[in-house]
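A.B. asks: I'd like to ask some things about the structure below.
The values are calculated or read from the model by the stated rules, or taken from the named source; none is laboratory data. These numbers come from a predicted model, not from an experiment. Ideal geometry is used to build each Cβ from the backbone, glycine not excepted, and the neighbour counts take in all protein chains shown.
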Amino acid sequence: MRILILSDLHANLEALQAIQGSEPSWDELWVLGDVVNYGPDPAEVLEFVRRHARLVIRGNHDHALGYGADPRCSTAFREMARAMQGYASEVLSVEQKGWLRELPLTAWREVGGEGFFLCHAAPSDPLYAYLPPDPDVWRQQLADIQAGTVLAGHTHLPLVLETNGRRVVNPGSAGQPKHCVAEACYAVWEDGRLTLKSSPYEVEATVRKVLALAVDPAVREGLAAVLHYGRPPSEQRAYAVDRGADALP
């Protein structure tokens, strides 16, 4: 059994296509939420997930698009999320937004004798909790979880953490990585072995689409910089200085 695990696709079609090219065959696709928002292709990415995924969990941006709610982003991303939520809400059909509303907050699956608990953010707060990679913090989260492996996204940071005999895995973000590498991140579970992986993708193609959107120019440029740098806006200036750059892209 080979399972492809994605999270935080954020409407980035080029990143999704690159993962497809790197992983042409799998038995099941699991998606840990945030199919939409930030990226330029929400309908195309949503439809791919809807057609192919065995399990899909609702992320905070899926919830926001489905219910017209606040995704509760950090300050650095708040205006970008608001503007792009408006764009995605116009692009997605009523039926597609209904599909987002119906996604479960968590899921349980057993494969090959191994139990998996799936959520977007954390077991105690599936939509919004932003947890550090701290074994003590996660040990508390796992107190009532029977699965040997917990799969979670939301932070956009790839992670494998062992605590109290159990494993927490974050595959990182497929569509908007924030660990300083502009590649599409994902995980693969195959016959008991779980591997974090990443694939280069056509970042400039996604950026061109973003820069052509009819949203505030500052939003477009901010999103483009996040894609280029693989970093949140608050960290980009320091990174540019460290690299000897005079200006952000």
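A.B. asks: If you take the residues of the range 164-173 that are touching a Gly at 6+ places or on another chain (Cβ under 9 Å) and surrounded by 15 or more Cβ atoms within 10 Å (Cβ to Cβ), which of them is modelled with the lowest pLDDT?
C.D. replies: R166
A.B. asks: Right, here's the next one. Which residues, counting only those in the range 122-158, are part of a loop (DSSP other than H, G, I, E, B), more than 20 Å from S74 (Cβ to Cβ) and of a type in the set (S, T, N, Q)?
C.D. replies: Q146
A.B. asks: Right, next: Can you find even one residue in the range 235-243 that is under 23 Å from P71 (Cα atoms), part of a helix (DSSP H, G or I), modelled with pLDDT of 95 or more and not aromatic (F, W, Y)?
C.D. replies: Checked the range 235-243: no residue is under 23 Å from P71 (Cα atoms), part of a helix (DSSP H, G or I), modelled with pLDDT of 95 or more and not aromatic (F, W, Y).
A.B. asks: From the list V36, V91, pick out the single residue that is under 27 Å from L196 (Cα atoms), crowded, with 16+ Cβ neighbours inside 10 Å and in contact with a helix residue (DSSP H, G or I) (Cβ under 7 Å, 6 or more places away or on another chain).
C.D. replies: Testing whether each residue is under 27 Å from L196 (Cα atoms), crowded, with 16+ Cβ neighbours inside 10 Å and in contact with a helix residue (DSSP H, G or I) (Cβ under 7 Å, 6 or more places away or on another chain) leaves just V36.
A.B. asks: Something else now. Only one of these is among the small types (G, A, S), within 22 Å of L127 (Cα to Cα) and surrounded by fewer than 24 Cβ atoms within 10 Å (Cβ to Cβ): A18, A64, A11, A43. Name it.
C.D. replies: On inspection, the qualifying residue turns out to be A43.
A.B. asks: State whether one or more residues within the range 15-31 are touching an Asp or Glu at 6+ places or on another chain (Cβ under 9 Å), within 15 Å of L65 (Cα to Cα) and modelled with pLDDT of 95 or more.
C.D. replies: Within the range 15-31 (the criterion being touching an Asp or Glu at 6+ places or on another chain (Cβ under 9 Å), within 15 Å of L65 (Cα to Cα) and modelled with pLDDT of 95 or more), the answer is no, since none of the residues qualifies.
A.B. asks: Scan the range 105-121 and tell me whether some residue there is in a loop (DSSP other than H, G, I, E, B) and modelled with pLDDT under 95.
C.D. replies: Within the range 105-121, one or more residues are in a loop (DSSP other than H, G, I, E, B) and modelled with pLDDT under 95.
A.B. asks: Considering only the range 174-220, state which residues are of a type outside the set (A, V, I, L, M) and loosely packed, with under 15 Cβ neighbours inside 10 Å.
C.D. replies: Hits for the range 174-220 are C180, E190, D191, G192, R193, T195, P200, E202, E204, R208, D216, P217.
A.B. asks: Is it true that some residue in the range 206-217 is over 27 Å from S22 (Cβ atoms), within 21 Å of the chain's Cα centre (by Cα) and in a helix (DSSP H, G or I)?
C.D. replies: No; the residues of the range 206-217 include none that is over 27 Å from S22 (Cβ atoms), within 21 Å of the chain's Cα centre (by Cα) and in a helix (DSSP H, G or I).
A.B. asks: Given the options R54, R72, R78, name the one that is closer than 22 Å to I5 by Cα and of a type outside the set (A, V, I, L, M).
C.D. replies: Answer to the check: R54.
A.B. asks: Taking helices (runs of 4 or more DSSP H) that fall entirely within the range 13-93, which contain at least 2 residues that are of a type in the set (D, E)?
C.D. replies: Those helices (runs of 4 or more DSSP H) span 42-52, 75-91.
A.B. asks: Find the residue count for the range 159-188, including only residues that are within 19 Å of S22 (Cα to Cα), assigned to a loop (DSSP other than H, G, I, E, B) and touching an Asp or Glu at 6+ places or on another chain (Cβ under 9 Å).
C.D. replies: Within the range 159-188, residues that are within 19 Å of S22 (Cα to Cα), assigned to a loop (DSSP other than H, G, I, E, B) and touching an Asp or Glu at 6+ places or on another chain (Cβ under 9 Å) number 7.
A.B. asks: Collect the residues in the range 134-171 that are under 30 Å from E14 (Cα atoms) and in contact with a Leu (Cβ under 6 Å, 6 or more places away or on another chain), keeping them in residue-number order.
C.D. replies: L151, G153, P158, V168, V169, N170
A.B. asks: Test of understanding: among G39, G33, which residue is touching a residue at least 40 places away in the same chain (Cβ under 8 Å), more than 24 Å from D216 (Cβ to Cβ) and not basic (K, R)?
C.D. replies: G33
A.B. asks: For the structure I just gave you, tell me whether T149 is buried (at least 17 other Cβ atoms within 10 Å of the Cβ), in contact with a Lys or Arg (Cβ under 7 Å, 6 or more places away or on another chain), within 21 Å of D125 (Cβ to Cβ) and at pLDDT below 95.
C.D. replies: Judged against the criteria, T149 is not a match.
A.B. asks: Look at the range 42-60 and say how many of its residues are polar (S, T, N, Q) and without any contact (Cβ under 8 Å) to a residue 40 or more places away in the chain.
C.D. replies: Of the residues in that region, 0 qualify.
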